[in-house]
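Structure record follows, encoded as structure tokens.
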Amino acid sequence: MKEIGGYIEMEHYTNNEYYSSLLKLNSARNSLRYLIKVRKITKIYLPLLICESIYEACKKEKIEVCFYHIDNNLHPVLENIDDKSFIYIINYYGQLSKKYINKLYSDYKNIIIDNVQAFFTKPIKNIDTIYSCRKYFGVTDGSYLHTNCQDSLDIDFDYSSDRCAYLLKRYETNASDNYYLFSKNEIEIDNLEIKKMSKITLNILKSINYKEVIKARNENFKYLQDNLGKLNKLKVCNNCGPYMYPLLIDNGEVVRKKLQENKIYISKLWPEFEKKENVFDEFEKNLANNILPIPCDQRYNVNDMKLITSKIKAIMLEFK
């Protein structure tokens, strides 16, 4: 029986979701595990530059994993792929065009698109596509999955109330003070079983003004491209509501540390883990070590981008 009365809980939001028709699960890696189960995948090709958790998700499902390289356009280099294998394609920084993805689908069919870094890039019909919510918004978990292969997996809702502390503390204090809570949540996410997106996460996602999010991200990205594009060794284009601005420079690791000293925190997205460290090519090593994914999300405005840009340029002058 429904409870009536008592204390008031979190507000219930009713705005439209961005992907209301997609399958809602609790993490991107579990969206992949879901696909492995329902499509009965036994072998998959992953890019070498990938979050280790995706590799671990594949191993957890006990499927065969092979690796492929990417080229300097962030495109997969695919060779000798058999018809039964699946290929996991990461849309790095949203730089893969719809035309290119359609060509991949035409050539290989069994592809899965990882749009974790391209939340606002709409899925393409018949192509399995995975999205992450917490890479773009202030939620502890959540993933959308576009697929035409749904099965009646018996899964319950996830519960995220116990994982919200780092978000709430980050809102009122500093990120650095609560990083340990964020790290704890990352470990928990790694070990989640496949479940439906939590009700708290879904509720927050219904509260977001997506038009304003896209607008802010586009403006910030454009400023960074206009002012750092000539320094960037990676050719990039703006996509709808971009994830981060990928700045590839020499001495990127040094610049990252100096920015951190100025309380500008730039993530390192692909730390080389032991299983693969000896097989990176030179471009991939350079990308892993020297790319600076500059935040350009809805928390910031052009003035923040000006500050970041001036700091980067000042640091780079020290190398001349």
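Remarks
- Tallying residues that are more than 23 Å from Tyr18 (Cβ to Cβ), aromatic (Phe, Trp, Tyr) and touching a Lys or Arg at 6+ places or on another chain (Cβ under 9 Å) within region 94-130 yields 0.
- Qualifying residues in region 286-320 (those that are charged (D, E, K, R) and not in a helix (DSSP H, G or I)) - the one most open to solvent (accessible area, probe 1.4 Å): Lys320
- Some residue of region 238-247 being loosely packed, with under 13 Cβ neighbours inside 10 Å, of a type outside the set (A, V, I, L, M) and free of Cβ contacts under 8 Å to residues at least 40 places away in the same chain: no
- Each residue in region 12-39 was checked for being without any contact (Cβ under 8 Å) to a residue 40 or more places away in the chain and more than 14 Å from Val65 (Cα to Cα), and 2 pass.
- Cβ-Cβ contacts under 6 Å between residues 6 or more apart (or on different chains), taken from a first residue in region 113-124 that is touching a residue at least 60 places away in the same chain (Cβ under 8 Å) to a second residue that is assigned to a loop (DSSP other than H, G, I, E, B) and surrounded by 22 or more Cβ atoms within 10 Å (Cβ to Cβ), are listed as Gln117/Tyr243; Ala118/Asn91; Phe119/Tyr136; Phe120/Gly241; Thr121/Asn115.
- Against the list (1) hydroxyl-bearing (Ser, Thr, Tyr); (2) free of Cβ contacts under 8 Å to residues at least 24 places away in the same chain; (3) crowded, with 19+ Cβ neighbours inside 10 Å; (4) out of contact with any Phe, Trp or Tyr (no Cβ under 9 Å at 6 or more places or on another chain), the condition Thr129 fails is (4).
- When the criteria are applied in full, Ile208 meets the requirement of being touching a Phe, Trp or Tyr at 6+ places or on another chain (Cβ under 9 Å) and either in a helix (DSSP H, G or I) or under 21 Å from Tyr300 (Cβ atoms) (or both).
- Neighbours by Cβ (under 9 Å, 6+ apart or cross-chain): first from region 296-316, farther than 24 Å from Ala118 by Cα; second acidic (Asp, Glu): Met316/Asp250
- Scope region 1-32; condition acidic (Asp, Glu) and either farther than 18 Å from Tyr136 by Cβ or modelled with pLDDT of 95 or more (or both); matching residues: Glu3, Glu9, Glu11
- Yes/no for Leu96 being closer than 19 Å to Asp190 by Cα, within 19 Å of the chain's Cα centre (by Cα), crowded, with 17+ Cβ neighbours inside 10 Å and not β-branched (Val, Ile, Thr): no
- Within region 255-272, the set of residues being open to solvent by less than 50 Å² (accessible area, probe 1.4 Å) and either part of a loop (DSSP other than H, G, I, E, B) or among the hydroxyl-bearing types (Ser, Thr, Tyr) (or both) comprises Ile264, Ile266, Leu269, Trp270.
- Any hit, region 33-51, residues being modelled with pLDDT of 95 or more, closer than 30 Å to Ile208 by Cα, of a type outside the set (Lys, Arg) and crowded, with 21+ Cβ neighbours inside 10 Å: yes
- From the list Tyr180, Tyr159, Tyr166, Tyr223, the lone residue that is touching a Phe, Trp or Tyr at 6+ places or on another chain (Cβ under 6 Å) and either free of Cβ contacts under 8 Å to residues at least 60 places away in the same chain or assigned to a helix (DSSP H, G or I) (or both) is Tyr166.
- Some residue of region 101-114 being open to solvent by less than 10 Å² (accessible area, probe 1.4 Å) and either under 30 Å from Glu9 (Cβ atoms) or part of a loop (DSSP other than H, G, I, E, B) (or both): no
The values are calculated or read from the model by the stated rules, or taken from the named source; none is laboratory data. None of these values were measured; they are calculated from a predicted model. A quick note on method: Cβ atoms are made from the backbone with ideal geometry, for glycine too, and the neighbour counts reach across all protein chains shown. The area values use the complete protein model at the heavy-atom level, side chains included, leaving out ligands, DNA and RNA. Shrake-Rupley method; radii C 1.70, N 1.55, O 1.52, S 1.80 Å.
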